[in-house]
1. Is it the case that the stretch 144-160 has a residue that's in the same structural domain as Leu95 (by TED's automatic domain parsing), within 21 Å of Gln252 (Cβ to Cβ) and surrounded by fewer than 16 Cβ atoms within 10 Å (Cβ to Cβ)?
2. Kindly indicate whether any position in the stretch 290-310 is in a helix (DSSP H, G or I), of a type in the set (Gly, Ala, Ser) and modelled with pLDDT of 90 or more.
3. Among the listed residues Ser101, Ser127, identify the single one that is under 18 Å from Leu297 (Cβ atoms) and either surrounded by 14 or more Cβ atoms within 10 Å (Cβ to Cβ) or over 15 Å from the mean Cα position of the chain (by Cα) (or both).
4. Out of Arg179, Arg226, I need the residue that is within 30 Å of Val138 (Cβ to Cβ) and either among the aromatic types (Phe, Trp, Tyr) or part of a helix (DSSP H, G or I) (or both). Which one?
5. If a residue must be among the aliphatic types (A, V, I, L, M) and within 30 Å of Ala299 (Cβ to Cβ), how many such residues does the stretch 204-239 contain?
6. Which residue pairs have Cβ atoms under 6 Å apart, sit 6 or more places apart or on different chains, and have a first residue in the stretch 279-295 that is assigned by TED's automatic domain parsing to the domain that holds Val85 and over 11 Å from Thr63 (Cβ atoms) and a second that is of a type in the set (Val, Ile, Thr) and in a helix (DSSP H, G or I)?
7. Taking the stated definitions as given, is Leu38 closer than 29 Å to Thr247 by Cα and either touching a residue at least 60 places away in the same chain (Cβ under 8 Å) or not assigned by TED's automatic domain parsing to the domain that holds Asp250 (or both)?
8. So, in the stretch 190-228, of the ones that are of a type in the set (Gly, Ala, Ser) and farther than 21 Å from His118 by Cβ, which residue ends up surrounded by the fewest Cβ atoms within 10 Å (Cβ to Cβ)?
Amino acid sequence: MANVAVKMPVSPAGAGSPVSAWKRLSVSKGWLAIWFMLPTALILGLFLAFPLVKGIWLSFTDTRIGRPGQFVGLENYEWLWDDHVFWLSVFNTLLYTAVASVVKFAIGLYLALLLNKHIPFKTVIRSIVLIPFVVPTVLSAIAFWWIFDSQFSIISWSLRQMGLIEQNINFLGDPNWARACVIFANIWRGIPFIAITLLAGLQTVSPSLYEAATIDGATPWQIFTRITLPLLTPIIAVVMTFSVLFTFTDFQLIWAMTRGGPVNATHLMATLSYQRGILSNQLGEGAAIATAMVPFLLAAIMISWFGLQRRAWQHGGSDS
């Protein structure tokens with residue numbers, strides 16, 4: 001038999017070498033995504049990760065403004081553990097965040113459902129709804145400061161004209177009234193963010209699902225609980241995570257309206273950290289208060305994350 005030459009495949013020159021491996025990685029879609037994300041990651045690392053690490057380090061020192069501190073271990077945290085003002089700020093922060101977030105979600109969801117219907121002047125109404133979120137926070141705080149002023153409050157004036165009260169209400173001078181006022185101001189400012197975001201989510205729901213449910217005789221409540229709410233769950237998880245984070249770390253609104261008063265009744269952890277760290281020149285103590293906020297923020301993020309993963313598993317998605 002004639003010898004048949006078998007042509008063996010020849011690997012390209014340089015195959016397996018570091019240079020060719022690097023070339024394969026450089027054209028990989030996965031690595032291409034990393035190249036695009038790298039500048040953003042560097043910016044986040046510079047402006048977010050570094051200040052966070054620096055703040056945690058300062059919390060273990062007795063640093064003051066203009067004077068480098070020494071490492072003191074957990075001394076700042078031990079001092080905070082026995083500080084009743086710090087624990088009052090924790091209580092105020094949790095109360096402020098819980099009440100404001102729940103009310104903002106309820107009203108924001110209602111507005112989103114309302115704006116998703118065919119109503120007259122829908123575009124104009126959507127623009128008006130955005131006004132509280134567009135107005136600068138400090139300007140909103142000053143406006144509410146005048147609304148709740150002890151002498152010139154329009155609310156007190158109106159109630160006196162109707163004969164419901166005999167003297168002005170000291171809204172920002174009473175601890176309970178002050179807490180209610182700052183929560184109300186935060187709710188007013190935060191509703192548009194939730195409403196517009198949920199409205200965008202409602203726009204993605206196919207109308208055919210509602211038509212099929214209506215034909216099957218489903219009530220409006222059944223349509224909401226069986227179609228609208230389940231499909232909005234991922235968006236709700238994301239928007240509420242951001243809402244909780246923004247509310248928990250709120251500073252401008254509180255500082256412009258009450259500066260934490262009266263008698264520390266409206267001090268949040270963020271405002272107390274600023275007062276102790278900057279105004280009182282105790283950078284280490286202020287950093288310790290700010291660092292104490294991190295576990296609460298991580299808890300909110302993890303709850304949202306595991307909630308989204310559970311929804312993905314229920315719908316047959318991957319947990320990765």
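The values are calculated or read from the model by the stated rules, or taken from the named source; none is laboratory data. The structure displayed is predicted, hence computed values, not measured ones. Reconstructed Cβ throughout: ideal geometry from the backbone, glycine too, with neighbour counts over all protein chains shown.
1. Looking for residues that are in the same structural domain as Leu95 (by TED's automatic domain parsing), within 21 Å of Gln252 (Cβ to Cβ) and surrounded by fewer than 16 Cβ atoms within 10 Å (Cβ to Cβ), one finds at least one in the stretch 144-160, hence yes.
2. Yes, the stretch 290-310 has at least one match.
3. Every option except Ser101 fails the conditions.
4. Exactly one of Arg179, Arg226 is within 30 Å of Val138 (Cβ to Cβ) and either among the aromatic types (Phe, Trp, Tyr) or part of a helix (DSSP H, G or I) (or both), namely Arg179.
5. Qualifying residue count, the stretch 204-239: 8.
6. Short answer, once both residue conditions are applied: Thr291/Ile56.
7. For Leu38, the condition - closer than 29 Å to Thr247 by Cα and either touching a residue at least 60 places away in the same chain (Cβ under 8 Å) or not assigned by TED's automatic domain parsing to the domain that holds Asp250 (or both) - is not met.
8. Across the stretch 190-228, the extreme among qualifying residues is Gly217.
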